[in-house]
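A short reminder: the numbers here are calculations on the coordinates, not readings from a lab. In this text, all values refer to a predicted model and were calculated from it rather than measured experimentally. Cβ placement follows ideal geometry from the backbone for every residue including glycine, while neighbour counts extend to all protein chains displayed.
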Amino acid sequence: MSPPCDDLWQRIAAHRIGPADASLTFAARLARENRWSLTEGERVIEEYRRFCYLAVTAGHEVTPSDAVDQAWHLHLTYSRDYWEVFCPLVLRSDLHHGPTSGGPIEAGRYYRQYAATLAAYEAAFGHAPPAAIWPAASRRFKVDPRGVRVNLSGVIVVSRRVALALGLLAAMVGWLAGRMM
């Protein structure tokens, strides 16, 4: 099933974020800041559009995936577009971003809200959201929050398994070197 055909969806789909003549488009900037391909950045923007549609139509508070939240954060930095065009003319509603105040009660609330968002997505669009952009609630709130954003230009990142193997190898080499002397 394709996206809804109502006026709201048509306005959201037609809206372009950022100046048309910018050398770094919104999609390119989103991709660069998240180390995504341009294609992946564009897919996330499409999902951000769907999230905005749900925010207006679901009838309850909605919670974005982390990737969609990155698009939302970036859109908020385009403040004139967001507050003077997107909310009043496209959504015809304010869409405020409210971060969690933390703690177990809030964690449970956002977990339930996110699960309800996934269900509302499926009801509105006729299929489950893409798991690569909208992971299950258990991943979104138990695994992903432990992640950090790192500028990779000055570091090398290896998996835990590789790091453990390298550590064991270094320990064995050290032990062997000590026995040879």
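Among the candidates Y53, Y48, the residue that is of a type in the set (F, W, Y), over 14 Å from the mean Cα position of the chain (by Cα), part of a helix (DSSP H, G or I) and buried (at least 16 other Cβ atoms within 10 Å of the Cβ) is uniquely Y53. Across segment 4-15, the qualifying residues are those that are in contact (Cβ under 8 Å) with a residue 40 or more places away in the chain and in a loop (DSSP other than H, G, I, E, B), and the one among them that is surrounded by the most Cβ atoms within 10 Å (Cβ to Cβ) is P4. Applying the selection to segment 133-145, what residues are surrounded by fewer than 17 Cβ atoms within 10 Å (Cβ to Cβ) and without any contact (Cβ under 8 Å) to a residue 60 or more places away in the chain? Result: A136, S138, R139, K142, V143, P145.
When residues in segment 16-45 are screened for being hydrophobic (A, V, I, L, M, F, W, C) and not in a helix (DSSP H, G or I), 5 of them pass. Within segment 73-120, the set of residues being crowded, with 16+ Cβ neighbours inside 10 Å, assigned to a helix (DSSP H, G or I) and touching a helix residue (DSSP H, G or I) at 6+ places or on another chain (Cβ under 6 Å) comprises L74, H75, Y82, V90, L91, Y111, Y114, A115, A120. When segment 91-120 is filtered for residues that are out of contact with any Leu (no Cβ under 9 Å at 6 or more places or on another chain), aliphatic (A, V, I, L, M) and in contact (Cβ under 8 Å) with a residue 24 or more places away in the chain, the ones remaining, listed by number, are L95, A107, A116.
Among the conditions (1) under 12 Å from the mean Cα position of the chain (by Cα); (2) over 30 Å from S138 (Cα atoms); (3) of a type in the set (F, W, Y), W36 misses just one, which is (2).
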